[in-house]
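Structure record follows, encoded as structure tokens.
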Amino acid sequence: MNTVNRAMAACLLAAGLLAAPAQAEPLKVGFVYVGPIGDHGWTYQHDQGRLAVEEAFGDQVETSYVENVPEGADADRVIAQLAETGHDLIFTTSFGYMNPTIRVAELYPDVRFEHATGYKQADNVATYSARFYEGRHVAGLLAGSVTESNVIGYIASFPIPEVVRGINATFLAARSVNPDVSFKIVWVSTWFDPGKEGDAAKALIDQGADVILQHTDSPAALQVAQDRGVWAVGQASNMTAFGSDAHLVSVVNNWAAYYLRRVQSALDGSWGTSDTWGGFGADMLVLSAYNEAIPADVVEMAEAARSAIAEGSLHPFTGPIHDQEGNLLVAVGEVADDGMLLGMSVYVEGIDATLPQ
Amino acid sequence: MALRFEARGAASRAMVLGSPAIAVVLTLAASLVMFASLGTDPVRALQAFFIQPLSSERGVAELMVKATPLVLIALGLSMGFRANVWNIGAEGQLTLGALAGGGLALALYGYESPFLLPLMFVAGIAGGMAWAAIPAFLKTRFNTNEILTSLMLVYVAILLLSYLIHGPWRDPDGFNFPESRLFHDSARVPVLLQGTRLHIGWPIALAITATTWILLARHIIGFQIRVVGLAPAAASFAGFSRTRIIWTTLLAGGGAAGLAGVMEVAGPIGQIVPVISPGYGFTAIIVAFLGRLQPVGVVFAGLLMALTYLGGEYAQITMNLPNAVTGVFQGMLLFFLLASDILIRYRVRFVP
């Protein structure tokens, strides 16, 4: 990941940074985090992006952050405080900051805002997110290939489109390499709770799962998988260190790729509102090293899929795809459009479970 | 050699009232050491914590916005705590208040009327009271421990919120994200000071403070609450109904928390979201004790607690201090307060 960031920073520097006139005042960039930074997970990855910005732009920028900001009445205040203290570009990094960001942005029309994972834009509010389902496609290919019990366990957080899309992407990929595979899904109603996530992993393994996937933030499931001798996939950060035998691969969120671009555009004056949804192709998702115990042909297949997705020649949601009732979601030979992906709230055919409503 | 605590004959009244001030001073002194050991300029850090948030009109308004739910809930709780009724579930009562009042706003979406907001307030109070009535009933009927029942109901309330927001109350135009639609203007708490978020909740909280003070200091019910708390046997000899006090204090606490909840969703938040309160119901317990369970004390304690949150954010933004500093700060404050309270009532003896 670091090499990618450095290479990108170098390109940016070459492209225009050096030619730009030296600025007297550094660009102040603020970040609002939903959790503590810690050493792995959602917020940690955003902070890695912030540090990459500091490293790449040096004296031209000054960054600050506020961590653990609740997604209620406090968000408006914190975002406004950043605007008030002279920040020119403010990243709000959780869905619950959407309406607060829009409200504060109205009061500070000269400040540029960027909201992660939401759907509301304004003249001074851009949105961005990553196509996490692309990573889950690769995870699904690996899981479908290495499972011996043909039961894959999935720890899910909340039944929102992001999570449902992830389950569907994983399932479709796993089925494509192993038609006998079935999914067991546990909803833990939290994004981060090591106790619950660990218990869910134990329950899934007791029911025969030998690969554990998760849409939650802690490494607890991976640690349980390591103890019980089954496989697991790391989420958001490179989680190898939490269970190196069990760890198939981690799908790593690389916000640095996006933050470097956006800070550059704010510096050279070309910043404009936009709606970015980038995956492997935009380097916003990267993979950690694969576990060496995975057979070489499986790794090769996974890598082929990853680069095909990055090039755009493969889409994880390519038809025919049906929902559980048999309704056609994506026709033969077509790919799902972004609107359908963003609102996805049904399971695809073959998942033997009911989506909680 | 051993240490022993010996009860003092009588606690000094001046010290009892002065102990929050002692605790604040000791916290400041200890935090100077903490900042210095973190390698930051302690004077600048304290300035970021306590002066910067209050250096603008907007900052003062934000302080009151943040203190409003804390003060309201702590007022209600302090009545119960005086009577030894331990309502730990204000967070759940707040949630139910927000759901009852907010649900009304969603049911009457688009309905323009000056009566809508007062109705929502009534619904919020009723929602909080209904949730607090469960532990009240269980305690008076089955002698169940209200600490457990009220706390457990917090989780039930949060799951109920989660169910509604992921299901029936989800914004129809919101891509299935778990948020309700934004309330329309008639269902929003009016802002007092243009350009800030200061809303009518703060003067309402102050009015309720005055009412609580009159009730506690001048009304028979306040006397009964105190006697039941201090001397239950004497209260029963005097014919004061313990059942009535339990019901009264729990309903008052629940109603106040419910009002705080509906004012949060109809005020600064403007919609129902999965996390309505960042733990106000629990923080208010600290506020109640910091304020000596006295209505006026609660107002100051609420403002001080709110200031630590705002200051913690400024310390992060301007000094790059970690968020944990806020927690350490609040922890030290409570620690020194409890330590002073112990030392007011007990003296330390070295026993050879």
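Points to keep in mind about this one:
- Only one of B:Gly267, B:Gly254 that is part of a helix (DSSP H, G or I) and under 14 Å from the mean Cα position of the chain (by Cα): B:Gly254
- Elements of the type strands (runs of 3 or more DSSP E) sitting completely within the stretch A:150-255 and holding at least 2 residues that are in contact with a Leu (Cβ under 8 Å, 6 or more places away or on another chain) and without any contact (Cβ under 8 Å) to a residue 24 or more places away in the chain: there are none.
- Subset of the stretch A:112-140 [open to solvent by 10 Å² or more (accessible area, probe 1.4 Å) and away from every other protein chain (no Cβ under 14 Å)]: A:Arg112, A:Ala122, A:Asp123, A:Asn124, A:Arg131, A:Phe132, A:Glu134, A:Arg136, A:His137
- Residue identified as open to solvent by 10 Å² or more (accessible area, probe 1.4 Å) and without any contact (Cβ under 8 Å) to a residue 12 or more places away in the chain among B:Leu307, B:Leu334, B:Leu343: B:Leu343
- Residues that are more than 24 Å from B:Ile276 (Cα to Cα) and open to solvent by 50 Å² or more (accessible area, probe 1.4 Å) within the stretch A:99-111 comprise A:Pro109, A:Asp110, listed in sequence order.
- If you go through the stretch B:141-165 and keep only what is free of Cβ contacts under 8 Å to residues at least 12 places away in the same chain and either aromatic (Phe, Trp, Tyr) or part of a loop (DSSP other than H, G, I, E, B) (or both), you end up with B:Phe142, B:Asn143, B:Thr144, B:Asn145, B:Tyr163.
- Number of the exception - A:Tyr97 against (1) within 12 Å of another protein chain (Cβ to nearest Cβ); (2) out of contact with any His (no Cβ under 9 Å at 6 or more places or on another chain): (2)
- Residues satisfying the stated conditions in the stretch B:270-307, i.e. of a type outside the set (Val, Ile, Thr), outside any loop (DSSP other than H, G, I, E, B) and within 14 Å of another protein chain (Cβ to nearest Cβ): B:Tyr280, B:Gly281, B:Phe282, B:Met305, B:Ala306, B:Leu307
- The stretch A:315-346 - residue that is among the aliphatic types (A, V, I, L, M), open to solvent by less than 80 Å² (accessible area, probe 1.4 Å) and not in a loop (DSSP other than H, G, I, E, B) and, of those, nearest to A:Phe183 (Cα to Cα): A:Ile321
- Filtered residues of the stretch B:168-181 (kept if open to solvent by less than 70 Å² (accessible area, probe 1.4 Å), at the interface with another protein chain (Cβ under 10 Å from one of its Cβ atoms) and at pLDDT 90 or above): B:Arg170, B:Glu179
- Evaluated against (1) closer than 18 Å to A:Thr170 by Cα; (2) of a type in the set (Asp, Glu); (3) open to solvent by 60 Å² or more (accessible area, probe 1.4 Å), A:Glu311 falls short on exactly one condition, (1).
- Residue list for the stretch A:109-136, filter: aliphatic (A, V, I, L, M) and not in a strand (DSSP E or B): A:Val111
- Beta carbons closer than 7 Å, at least 6 apart along the sequence or on distinct chains, pair a first residue in the stretch A:41-63 that is under 12 Å from A:Phe91 (Cα atoms) with a second that is surrounded by fewer than 20 Cβ atoms within 10 Å (Cβ to Cβ) and at pLDDT 95 or above for A:Thr63/A:Glu54.
- Among the candidates B:Gln330, B:Gln294, residue that is modelled with pLDDT under 90 and under 17 Å from the mean Cα position of the chain (by Cα): B:Gln330
- Checked against (1) open to solvent by 50 Å² or more (accessible area, probe 1.4 Å); (2) at pLDDT below 95; (3) more than 14 Å from chain A (Cβ to nearest Cβ), B:Leu46 meets all criteria but (1).
- Close pairs (8 angstrom Cβ cut-off, 6 or more residues apart or separate chains): open to solvent by less than 10 Å² (accessible area, probe 1.4 Å) in the stretch B:58-77, part of a helix (DSSP H, G or I) and hydroxyl-bearing (Ser, Thr, Tyr) anywhere: B:Lys66/B:Tyr309; B:Pro69/B:Tyr280; B:Leu70/B:Tyr280; B:Leu70/B:Thr283; B:Val71/B:Thr209; B:Ile73/B:Tyr280; B:Leu75/B:Thr209; B:Leu75/B:Thr212
Residues checked against (1) among the aromatic types (Phe, Trp, Tyr); (2) at pLDDT 90 or above; (3) open to solvent by less than 20 Å² (accessible area, probe 1.4 Å); (4) touching a Gly at 6+ places or on another chain (Cβ under 7 Å):
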position	(1), (2), (3), (4)
A:Asn2	no, no, no, no
A:Met8	no, no, no, no
A:Ala14	no, no, no, no
A:Ala20	no, no, no, no
A:Ile37	no, yes, no, no
A:Thr43	no, yes, yes, yes
A:Thr63	no, yes, yes, no
A:Pro70	no, yes, no, no
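- Filter result for B:Pro53 (buried (at least 17 other Cβ atoms within 10 Å of the Cβ), farther than 25 Å from B:Leu293 by Cα and not charged (D, E, K, R)): yes
- Total residues in the stretch B:1-25 satisfying the condition of being open to solvent by 70 Å² or more (accessible area, probe 1.4 Å) and not in a strand (DSSP E or B): the figure is 9.
- Residues in the stretch B:78-98 that are in contact with a Ser or Thr (Cβ under 9 Å, 6 or more places away or on another chain) and assigned to a helix (DSSP H, G or I): B:Ser78, B:Met79, B:Gly80, B:Phe81, B:Arg82, B:Ala90, B:Glu91, B:Gly92, B:Gln93, B:Leu94, B:Thr95, B:Ala98.
- Meets criteria (away from every other protein chain (no Cβ under 14 Å) and out of contact with any Lys or Arg (no Cβ under 7 Å at 6 or more places or on another chain)) for A:Gly350: no
- Count of the stretch A:61-94 residues, restricted to those that are within 7 Å of chain B (Cβ to nearest Cβ), of a type in the set (Val, Ile, Thr) and under 20 Å from the mean Cα position of the chain (by Cα), is 0.
- Residue within the stretch A:154-173 that is modelled with pLDDT of 95 or more, hydroxyl-bearing (Ser, Thr, Tyr) and either open to solvent by 10 Å² or more (accessible area, probe 1.4 Å) or farther than 25 Å from A:Val298 by Cα (or both) present: no
The values are calculated or read from the model by the stated rules, or taken from the named source; none is laboratory data. If you're wondering where the values come from, they're calculated on a predicted model, not measured in any experiment. Because the Cβ atoms are built from the backbone with ideal geometry, glycine has one as well, and the counts that use them run over all protein chains shown. Please note that ligands, DNA and RNA were not included when accessible areas were found on the heavy atoms of the full protein model with its side chains. Shrake-Rupley method; radii C 1.70, N 1.55, O 1.52, S 1.80 Å.
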